[in-house]
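Just so it is clear, none of the values below were taken in a lab; they were calculated from the coordinates. Computed from a predicted structure; not experimentally measured. In this analysis, Cβ positions are derived from the backbone assuming ideal geometry, glycine residues included, and neighbour counts consider all displayed protein chains.
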């Protein structure tokens, strides 16, 4: 890889990082008091991937320590957005299930972002977004597959 190509990939990841910071602030401004982006990320993950996941699986998916995920899940459980229940497969471990309140909060939060999305669309049209989303999804899949190959990832 040439230095110019390295710089190009660094610029891509740098922009993604800045966008993540800005979008996190936008999201957190629409969340109820006491909830932050990691809480929403878990709700979104459970809707997108399927609920009934074990906390350890969620910790691995988010690449955080199990204690961090346990703390995040405790906040969601206190807010009645998820419920912890015995794992139906073994009865010993726990699984995380979305509540109707959790599903509704996710949808309400997305709806609350509509005015910001509309404002962004004025300078960044939907056609551009439609072209970018598949490319970014492919990058995510590539990075996720690469992470899966690394035995130390997520530990």
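Every test in (1) under 18 Å from the mean Cα position of the chain (by Cα); (2) under 26 Å from residue 147 (Cβ atoms); (3) surrounded by fewer than 16 Cβ atoms within 10 Å (Cβ to Cβ) is passed by residue 110 save one, and that test is (2).
The criterion of at least 3 residues that are over 26 Å from residue 22 (Cα atoms) and out of contact with any strand residue (DSSP E or B) (no Cβ under 6 Å at 6 or more places or on another chain) is met, among helices (runs of 4 or more DSSP H) falling completely within the stretch 36-155, by 55-62, 66-78, 126-149.
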